[in-house]
Amino acid sequence: MSKFPENFLWGGAIAANQCEGAYLEDGKLPSTADTLGVGFENRFGTSYGKIDSNRYYPSHRAIDFYHRYKEDIALFAEMGFNCLRMSIAWSRIYPLGDELKPNEKGLQFYDDVFDELLKYGIQPIVDITHYEIPLHLSLKYGGWQDRRLIEFYERYCHTIFERYKNKVKYWMNFTEINTINYLPQFNGGFVVERQDKNRAQIIFQAAHHMFVASAKANELCHQIIPESVIGMNMAGKQLYPATCKPEDVYETLLNKRETMFFSDVMMNGVYPAYTKSMFKRLEVNLDIREGDLELMKNNPCDYLGFSYYMSNVIQSDTKGSAIGNMSWGLPNPYLKGSEWGWQYDPIGLTSYMIELYDRYNKPLFLAENGLGAKDTLKDDGNGSYTVEDDYRIEYLREHIEACANAIDQGVELIGYASWGSIDLVSASTGQMSKRYGYIYADVDDEGNGTFERYRKKSFYWYKKVIGSNGENLG
Ligand code: BG6
């Protein structure tokens, strides 16, 4: 018998700036993500915030979901999805971010997408924003460093909750909010140098604004859509001490706290007791205004959405070198790595979920999980093309098994959304060749290709998994 509950949410995850394209269509203006090129230097270097007409930006056309969403959703439906985690591009709804009137055409686009999903019985699980803000908010205000963004976010949330109240029940605040700690340009909309002595102060002040904004969103969401649930989203990963040396174990605990700080605040609605000592050490002195803490306390998140790709190893006296999703640790000799060096670890997923659930006792939603790999398109013998992606099937099978094991241990997991159910632009590298999908999108790293979609072997595999509610992992 399946270990997954009957109403389990099965599906995939995509993000506006990584799939939609049409970056200036129907009134949209650029977002911060539209200034990110391909490759490390062009994504994380000094070009942030600028668009150079001689350079290629993958988000500008991405996989053209904006024009092909019907075809893509039909393919998701064919696999049996009953949920799709997706994001709204803030800059489609409020192109500048600080104007008073929303862009009707942008609103209409998501109406159409939600209608198309609901037609097939697919629940949209909507990220209010995934790794982008309207570029204007970054250039004029310095992104979330500025408290005024709370008001702009609130207006945006109010608009989308009112507009989609009959279509969207599941909502999520900022994607992977904890990454602001090391990559403020993704969610925060600003750059701060690693050597900047005020770095921690700037980042945690911005995070405070985001916490207040999330609490406001939670309050509004429950008022406008009483039957809704709204969660947080964090970049999750299991951390191990390199040895049983007490210093390594201690360092690992401190590292965990750094990530859990964000979920502690958002799931419990209060700054945890250790904040005081942590901020003292980091020389952070937050500007907290009257009403902020009360608002946060009264509006914690309903569930915890998190991504999980890998685990990391922590050693007390060395800074790590294994690559991860926007973070680094030491290589783990017991684990295999992807072509991009991400070491995958399904057992780590089970133990991580147990830790999260024991800590918060609120439902979990696995909002992203998957293997980024190079795929080779081949003739399928029936006049079309396919990819024999057994490596992806193996990864996903082991991680879905890991979810079943966590459920067995009493974890309340409400859904599983694998990342990039259709190939899309990589967040960390901007490449298309780092593919995660069940569906191949024929676009390369320079944006060339037919943009046609092809079913991979994993497409048929996932269909069986969903059809058996996770029992047949074949
Ligand atoms: C998550 C992000 O961290 O990892 C996604 O939320 C991202 O946006 C995913 O695409 C996979 O990372 P990457 O860098 O391989 O695209």
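The values are calculated or read from the model by the stated rules, or taken from the named source; none is laboratory data. Only a predicted model underlies this, so the values are computations on that prediction, with no experimental measurement involved. Glycine gets a Cβ as well: all are built from the backbone with ideal geometry, and neighbour counts include every protein chain shown.
How many residues, within the stretch 431-474, are in contact (Cβ under 8 Å) with a residue 12 or more places away in the chain and assigned to a helix (DSSP H, G or I)?
So the answer is 9.
If a residue has to be surrounded by fewer than 21 Cβ atoms within 10 Å (Cβ to Cβ), within 16 Å of the ligand (Cβ to nearest atom) and not in a strand (DSSP E or B) to count, how many in the stretch 343-373 make the cut?
0
Given 92, 43, which one is within 16 Å of the ligand (Cβ to nearest atom) and assigned to a helix (DSSP H, G or I)? Full working, then the answer.
On the way: 92 fails: within 16 Å of the ligand (Cβ to nearest atom).
Only one candidate passes the filter, namely 43.
Given (1) modelled with pLDDT of 95 or more; (2) out of contact with any Cys (no Cβ under 7 Å at 6 or more places or on another chain); (3) within 11 Å of the ligand (Cβ to nearest atom), identify the lone condition not met by residue 424.
If we test residue 424 against (1) modelled with pLDDT of 95 or more; (2) out of contact with any Cys (no Cβ under 7 Å at 6 or more places or on another chain); (3) within 11 Å of the ligand (Cβ to nearest atom), just (2) comes out false.
Only residues that are assigned to a loop (DSSP other than H, G, I, E, B) and over 29 Å from the mean Cα position of the chain (by Cα): list them for the stretch 275-284, please.
Start the filter on the stretch 275-284 by keeping residues that are assigned to a loop (DSSP other than H, G, I, E, B), which leaves 283-284.
Matches in the stretch 275-284: 283 only.
Within the stretch 48-60, count every residue that is more than 22 Å from residue 107 (Cβ to Cβ) and either among the basic types (Lys, Arg) or in contact (Cβ under 8 Å) with a residue 12 or more places away in the chain (or both).
Applying the first criterion (more than 22 Å from residue 107 (Cβ to Cβ)) to the stretch 48-60 yields 48-58.
If we keep only those that are either among the basic types (Lys, Arg) or in contact (Cβ under 8 Å) with a residue 12 or more places away in the chain (or both) too, we end up with 48-51, 55-58.
Qualifying residue count for the region: 8.
Regarding residue 63, is this residue of a type in the set (Val, Ile, Thr), closer than 20 Å to residue 140 by Cβ and part of a loop (DSSP other than H, G, I, E, B)? Break it down into steps so the answer makes sense when it comes.
Working: of a type in the set (Val, Ile, Thr): yes; closer than 20 Å to residue 140 by Cβ: no; part of a loop (DSSP other than H, G, I, E, B): yes.
Here the answer is no, as residue 63 does not meet what is asked.
Can you tell me which residue is nearest to the ligand (Cβ to nearest atom) among those in the stretch 156-190 that are surrounded by fewer than 22 Cβ atoms within 10 Å (Cβ to Cβ) and closer than 17 Å to residue 428 by Cβ?
Per the criteria, the residue is 183.
Is there a residue in the stretch 374-381 that is modelled with pLDDT under 95, part of a loop (DSSP other than H, G, I, E, B) and not acidic (Asp, Glu)?
Yes: the stretch 374-381 contains one or more residues that are modelled with pLDDT under 95, part of a loop (DSSP other than H, G, I, E, B) and not acidic (Asp, Glu).
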